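Enquirer: Just dropping this structure here.
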Amino acid sequence: MKNLWMLTLLWMFTGSMAKAANDDMQAIRGFAIDRTEVSIAQFARYVQATGIFTTAERAGGGSTYEGGWVQRKGWTWRTPYGVPANDREPAVHITFNEAKAYCQWAGKRLPNDAEWMEAAYIERRATPTAGFVKDTRYPYPTGISPEGANCLGDCGSTKTLAAYAGGLVTSRGGGHVLTGTTRTGVNGLWDMGGNAWEWTDDGKPPAADTDRPTRGGSRWYGAAQMHRDHLQTKPASTAVVYIGFRCAKSLP
């Protein structure tokens, strides 16, 4: 009985610590959103606590699109490109429902599509940083231009990880950058444009193959996919190297 009590206390403590570590959020209007994409380290704490095994892991690896879907052996959230990853890289190869479950575990939820769009393109901070004006709508999550994002070809120079240099593990671009390391954009958020597409919740009933929005573009694509007018959807069961997510929560 004593051992059970001690284990219960440990579980409560580690759960609280994990959630606190995931709680760096920016208030917008009636909701708050994570400042960064969910990282491998954050997702690892969830996996350790719950024992979940992702779709990509069960399949032997996630995918990329190379004129058709190509499965990548060993490419999972732990090893996005099949080689050892940095814990601060974004967690990818995650399906819509897996992202949603993580956010619920963390005491949050996936942002709905309108919330994500507001956070990405409309500056809501009372005292914005230089280059941003309160209540102004911008074309890119980075502001008036795509400069500073990790995208393919037209977002300026972004230093990606040495592990992915030279195109050794990826056919497009230079791989991910660590969460929280690029230039901050609208609302002081990182990588709402580029790095990894992000799942949003459009409120449709749950179904494995229902198309769900992915917003913000990724390092696999150029600036056009980051623009506020661009909408892309993918089946909820999609698990690929360039889709990640972040969480939100309602405010009183």
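Enquirer: Given the conditions (1) open to solvent by 50 Å² or more (accessible area, probe 1.4 Å); (2) farther than 19 Å from ASP202 by Cα; (3) in contact with an Asp or Glu (Cβ under 9 Å, 6 or more places away or on another chain), report the number of the one that LEU152 does not fulfil.
Expert: (3)
Enquirer: Another question, then. Report yes if LYS249 is over 25 Å from ARG58 (Cβ atoms), assigned to a strand (DSSP E or B) and open to solvent by 10 Å² or more (accessible area, probe 1.4 Å), otherwise no.
Expert: Spelling it out, LYS249 is indeed over 25 Å from ARG58 (Cβ atoms), assigned to a strand (DSSP E or B) and open to solvent by 10 Å² or more (accessible area, probe 1.4 Å).
Enquirer: For ASP209, indicate whether it is open to solvent by 10 Å² or more (accessible area, probe 1.4 Å) and either touching a strand residue (DSSP E or B) at 6+ places or on another chain (Cβ under 6 Å) or assigned to a helix (DSSP H, G or I) (or both).
Expert: Considered against the rule, which asks whether it is open to solvent by 10 Å² or more (accessible area, probe 1.4 Å) and either touching a strand residue (DSSP E or B) at 6+ places or on another chain (Cβ under 6 Å) or assigned to a helix (DSSP H, G or I) (or both), ASP209 comes out as yes.
Enquirer: Here's another thing I want to ask about it. Exactly one condition in (1) within 22 Å of THR95 (Cα to Cα); (2) without any contact (Cβ under 8 Å) to a residue 24 or more places away in the chain is not met by GLU198; state its number.
Expert: For GLU198, the exception is condition (2).
Enquirer: Let me ask another. Could you tell me whether any residue of region 181-192 is open to solvent by 60 Å² or more (accessible area, probe 1.4 Å), in a strand (DSSP E or B) and within 21 Å of ALA248 (Cα to Cα)?
Expert: The answer is no; no qualifying residue exists.
Enquirer: Just to check your reading of the model, which residue among GLY148, GLY82, GLY153 is of a type outside the set (A, V, I, L, M) and free of Cβ contacts under 8 Å to residues at least 40 places away in the same chain? Before the answer, list the steps.
Expert: Numbers: GLY82 fails: free of Cβ contacts under 8 Å to residues at least 40 places away in the same chain; GLY153 fails: free of Cβ contacts under 8 Å to residues at least 40 places away in the same chain.
Of the residues listed, the single one that is of a type outside the set (A, V, I, L, M) and free of Cβ contacts under 8 Å to residues at least 40 places away in the same chain is GLY148.
Enquirer: If you don't mind, another one. If a residue must be assigned to a loop (DSSP other than H, G, I, E, B), at negative phi and in contact with a Ser or Thr (Cβ under 7 Å, 6 or more places away or on another chain), how many such residues does region 193-206 contain?
Expert: Total meeting the criteria: 3.
Enquirer: Give the residues of region 212-231 that are open to solvent by 50 Å² or more (accessible area, probe 1.4 Å) and in contact with a Pro (Cβ under 7 Å, 6 or more places away or on another chain), sorted by residue number.
Expert: ARG228, LEU231
The values are calculated or read from the model by the stated rules, or taken from the named source; none is laboratory data. Everything numeric here is computed off the predicted structure, so don't read it as measured data. Positions of Cβ are backbone-derived with ideal geometry, glycine not excepted, and every protein chain shown enters the neighbour counts. For accessibility, only protein heavy atoms count, side chains too; no ligands or nucleic acids. Shrake-Rupley method; radii C 1.70, N 1.55, O 1.52, S 1.80 Å.
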